[in-house]
Amino acid sequence: MQTLPRSFYELSAETVAAKLLGHWLVRNTTEGPCGGAIVETEAYLIGDEACHAFNGRTKRNQVMWGPPGHGYVYFIYGNHCCFNAVCQPPGIAEALLVRAVEPSLGLDWMRQRRPVTDPRQLTNGPGKLCAAMDIGLSLDGVDLCDAKSPLFIAENLELKSFLKERGPLVTTTRVGITKAAELPLRFYLGGSRFVSRRAGIG
């Protein structure tokens, strides 16, 4: 698999969040790769009250400050992790949250870590995909541009057809937050069954 270049992540998280849809989030394991195509993202921007870097650099968010193309992983609600891709040049702390992937690689490995009866529930949420793909705090700062990393993002060589099949691309407000909740910074592929929540629903 060919990773996306670091330059891909040098733009605003808002731009990258939409462009990342359809590309592959891949976890290297001892039993081979697992993961699938990214179908839902949220952007968190500089000056955005919901962004973890809004109040400045901390030990928790230091990865967000660059360089781009690295993973920012944090623990939330005392029970699960969330995975983000860092964007913008160093010193500008922006990131995008990967909210859902369409699983297609290493399904048995992921089901061992997240046993579910409905396949759609395996990775259709940020905490769910981190549980299924074993993405924890040890992966904070991981290089997403290195295919030998334990976690990376790979180019979908059939992106055009994938987007056509899973479209349309929907832009809507973010979910699960209270600050700046009205901003249209969530992006998803409307034709995917693995989207965590659709616009106007719950």
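Kindly indicate whether LEU105 is touching a helix residue (DSSP H, G or I) at 6+ places or on another chain (Cβ under 6 Å) and surrounded by 14 or more Cβ atoms within 10 Å (Cβ to Cβ). No: the conditions fail for LEU105.
I'd like to know if segment 83-92 contains one or more residues that are touching a Lys or Arg at 6+ places or on another chain (Cβ under 9 Å) and in contact (Cβ under 8 Å) with a residue 40 or more places away in the chain.
The answer is no, given that none of the residues of segment 83-92 is touching a Lys or Arg at 6+ places or on another chain (Cβ under 9 Å) and in contact (Cβ under 8 Å) with a residue 40 or more places away in the chain.
Considering (1) within 20 Å of GLU14 (Cα to Cα); (2) part of a helix (DSSP H, G or I); (3) touching a helix residue (DSSP H, G or I) at 6+ places or on another chain (Cβ under 9 Å), the lone condition that ARG99 does not fulfil carries the number (2).
Does VAL73 count as surrounded by 22 or more Cβ atoms within 10 Å (Cβ to Cβ) and either among the aromatic types (Phe, Trp, Tyr) or within 20 Å of GLY176 (Cβ to Cβ) (or both)?
Values: surrounded by 22 or more Cβ atoms within 10 Å (Cβ to Cβ): no; either among the aromatic types (Phe, Trp, Tyr) or within 20 Å of GLY176 (Cβ to Cβ) (or both): yes.
So VAL73 fails the test.
SER104 satisfies every condition listed in (1) polar (S, T, N, Q); (2) modelled with pLDDT under 95; (3) in contact with a strand residue (DSSP E or B) (Cβ under 6 Å, 6 or more places away or on another chain) except (2). Considering SER192, SER196, the condition of being in contact with a strand residue (DSSP E or B) (Cβ under 8 Å, 6 or more places away or on another chain), under 25 Å from HIS52 (Cα atoms), of a type in the set (S, T, N, Q) and not in a helix (DSSP H, G or I) is satisfied by SER196 alone. Figure legend. Inter-residue proximity from segment 108-132: first residues over 14 Å from CYS34 (Cβ atoms), second residues assigned to a helix (DSSP H, G or I) and of a type outside the set (A, V, I, L, M, F, W, C), beta-carbon distance below 8 Å, spacing 6+ or different chains. Indicated pairs: GLN121/LYS128. Among the residues of segment 18-51, the one identified as surrounded by fewer than 23 Cβ atoms within 10 Å (Cβ to Cβ), of a type outside the set (A, V, I, L, M, F, W, C), in contact with a strand residue (DSSP E or B) (Cβ under 7 Å, 6 or more places away or on another chain) and not in a strand (DSSP E or B) is HIS23. Pull up segment 52-70, narrow it to residues that are part of a loop (DSSP other than H, G, I, E, B) and in contact with a helix residue (DSSP H, G or I) (Cβ under 9 Å, 6 or more places away or on another chain), then point me to the one that is surrounded by the fewest Cβ atoms within 10 Å (Cβ to Cβ). Out of the qualifying residues, it is ARG57. Residues that are of a type in the set (D, E, K, R), under 25 Å from ALA132 (Cα atoms) and either surrounded by fewer than 16 Cβ atoms within 10 Å (Cβ to Cβ) or at pLDDT 95 or above (or both) within segment 166-202 comprise ARG166, ARG174, ARG186, ARG193, ARG198, listed in sequence order.
The values are calculated or read from the model by the stated rules, or taken from the named source; none is laboratory data. None of the values given here were measured: they were computed from a predicted structure. All Cβ positions, glycine included, derive from the backbone under ideal geometry; neighbour counts span all protein chains shown.
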